[in-house]
Amino acid sequence: MTITAGCLDESSKRNFSDNEIGHVKRRAKTAWSSPATADTSRKTTNAIQEIWHRILRCLDLGRDKGMYNCQTSESKNGSAVIIIDVDQGDAEIAQSAIVMERGFKKERSSEIGVKRCEIAAYSCLLPKLLSLAVVFVGSRWLASAASLPSTCQARPTSTNVANITARQLGQRDTPPQTFGSFCEGEITLKSDGTEPGVVIIDHGLNVGGLPTFQILSRSGDTSVFEMTYSETRVLLDRYMGDGPLPLAASLDTYRKNRYNITRNMTYTNRLIQGGERYQKLNLSTPGQLVLKSVGIISTVSTTPVTQLPGSFQCSDDQLNQIWQTGARTVQRTEIAARSIPEFYQISEQGLFAESQAPQPYSSDTAPGLMQYQLRFLARPTVGGFGYTVLSDTLGSGIYISVNVANSSISANSGSTEWDSPALASAILSPALGLSEWHEISTTVNSTEIYITINGKSIMNLTQTSAFAGSFGLGASFGQSSYFQNVSLKSLDGQPIYTSSLTQKSVLADFLAGTNVEPVSVDGARRDRIAYAGDLDITVGPTFASTHGSEYINGSLNLLGASQLLPGFFVPNVKIQQAPRTSIIQANQTGLIGYSFNLLTAMAEFYLMTGDVEFANHWAPAIVKMLDWADSQTTSLGLFNVSVTSFGGDWDFYDPPQTGAVTKFNTLYAFALQQVLPILNATNVSSQVYADRLVTLKAAINTNLWSSQLNAYQLSNSVKDTLAQDANALLY
């Protein structure tokens, strides 16, 4: 039995008496206290009992505080509808409703829906055919039958991608895979302009690729149709879903796409939404759309887990599911060569950005830039444009949002207008128009930023959020713009970078092209970057499941070729760049543990393949790294981190660790141990490294073991803290 719930007439609302509340409670308790029927499992009954307890708590909470009016309506089939008015916006009632939704995902018979910032309605099937819907109404929690979204359960299927027409805003080659996940049948969205038409697609598992849909018919105003994406149901109801994701050019920045539907055709996004289980379709303008084939065209392999080269099966189904989850995770992070779309669109009109976070200009020296003069031309076509200065390699710096449509400019810390409150803002002249070329000049002097547009001073600010970094060009959500003739100079006029932005070769300057290598990345949804630490733990599972050796080798090529003069490596590489052909002329890095991780990843790849050519190729780089590490050992025989910037790790929220850090020493020892077979397969004398391993292990046990903790301590200077990661590696 599936119930349909909606709001009762507002005029018929009345106070819900204690006797009536008690009646509903008694009826529900009677319903769940009986043995489960043949159609309702004990598991379902227990889940229903739990959610009902939360509903009762919500009722009692509101009654005690005088927060609500209620009304019940009972029909012959045993349904009960409770309307709770929360005009005064009690946060605890709202939170209780959110907990209800989270706690009853698998067992509920129908999800009536939730809108952004609005608890709309929930339903569940009780034993003995007692159904309950709770509807929250009021000025902040509006809900009506017309606005409650339905859910489409998508399923994997095949589609002829060759017949799918790209969006008008850009053409790209269709992906080689012919599979994806799509909602079966037609979807109708109807809005009166006040209550949006909403449908939620549940793909059942994490999918990723190019969103697509076909318009069968349209009527009225269909100028604001949006799709939102999220890996979790909870975050789907945030306006931007579980985004934005500005870290790299290998995916769409925003987790929401907006369309102005003007034709009956097939729309396919140009950029990838990397990982989502849920899609929300929302028509907010007064009109109607009928769609079909709504879903995601996969850009990675969709081979069923049961058909992968590697397999695992045992009598414990939980272990089977854990293995399948791991195998599918590996599969989702394997990206074929040249399957990433070009991030920007380049033409004779310039570089075109549309709802895209700026990607930083990339060079060996760009991350350290602190003082420069940036100039470019911008022709905003919709809304305005944005750009960053003092940007790190992941695009975070000072984001300048130029909103021509509403004559305003603001500066934010981060990569997009969503990342922080405005650090500064100013009013633009109404004469600054769309579809016109404007000259933007920005002077950066560390914390001081001065902006002029068309020769007129617009905004000056002093900030302490970013101190060094590059620049990037983009557009805030819902905006688009062309850019031309960019120049970057030192404050004394020395050229650093210049480009007309009209040739596709410019994509390489911003690491915004396609990927040359097949790669294994850190995550399907984000960052979609090759990280040495993530790669280290991926090699084994890959060979045990997909056997995607080409993806592991591709990431090793990118990371291994990114070695710096002393011998250590950069910890991560964006997949749009080709492998370097020469050593990086610099002596600073971060996440030093990832350099050791890279060596163990190489060692495991060799262990799995026995590829002597691979061993010969990488042995010199391995030796250079190990010799540098040896040069950093103290008289106690421990590897010592003396540069603070080296001491960061995956836990970016913790301060860097310096000195003789137990984890870094453990990683060093493990790398020495694991690479010995590679060194033995080449002309390198491995005995010196075997001897270093013996000495290092003894030093770790002598100096970093704590008898008080009965475990290994964090470092030689932090002796009262257990190093969980190091102990996990050492035992």
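Tabulated data
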| item | result |
| --- | --- |
| Region 519-730 - Rg and Dmax from Cα coordinates, angstrom | 16.7, 50 |
| Distance from region 516-581 to region 436-450 (C-alpha centre basis), Å | 36 |
| 30 Å Cα-Cα threshold exceeded, pairs from LYS256/LYS574; LYS624/LYS697; LYS256/LYS663; LYS574/LYS663; LYS256/LYS292 | LYS256/LYS663 |
| Label-point separation in nm, ASN616 to SER487, each point 7 Å along Cα→Cβ | 5.1 |
| Kirkwood hydrodynamic radius over Cα pairs of region 653-731, then Stokes diffusion coefficient at 4 °C and 1.567 mPa s, in µm²/s | 96 |
| For region 568-615, convex hull of alpha carbons as volume per residue, Å³ | 103 |
| Overall form of region 447-496 per C-alpha gyration tensor (a/c, 1.5; a/b vs b/c) | rounded |
| Cβ crowding within 10 Å averaged over residues, with 635-647, 655-667, 301-313 ranked highest first | 655-667, 635-647, 301-313 |
| Percentage, to the nearest whole number, of Cα pairs in region 371-507 over 23 Å apart | 26 |
| Cα centroid separation, region 344-419 to region 658-704 (Å) | 45 |
| At 0.890 mPa s and 25 °C, Stokes D of region 263-310 from Kirkwood alpha-carbon radius, µm² per second | 172 |
| Cβ charges +1 (Lys, Arg) and -1 (Asp, Glu), total dipole of region 345-509, debye | 220 |
| Cα-derived Rg over Rh, computed across region 372-414 with Rh taken as Kirkwood radius | 0.99 |
| Sequence ranges 320-326, 255-261, ranked by mean other-Cβ count within 10 angstrom, highest first | 255-261, 320-326 |
| Burial order of peptide ranges 353-360, 581-588 (average beta-carbon count within 10 Å, highest first) | 353-360, 581-588 |
| Translational D in µm²/s for region 457-580 (Stokes-Einstein at 37 °C, 0.692 mPa s, Kirkwood Rh from C-alpha pairs) | 186 |
| Shape parameters for region 243-374, alpha-carbon atoms, Rg then Dmax in Å | 20.3, 66 |
| Gain on full stretching of the segment that runs from SER582 to LYS456 - 0.36 nm per residue minus C-alpha separation | 40.9 nm |
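All of the numbers you see were taken from the coordinates with simple rules; none came from a lab. Treat the numbers as computed from the prediction; the structure is a model and nothing was measured. Methodologically, a virtual Cβ is constructed for each residue, glycine included, from the backbone with ideal geometry; neighbour enumeration extends over all protein chains shown.
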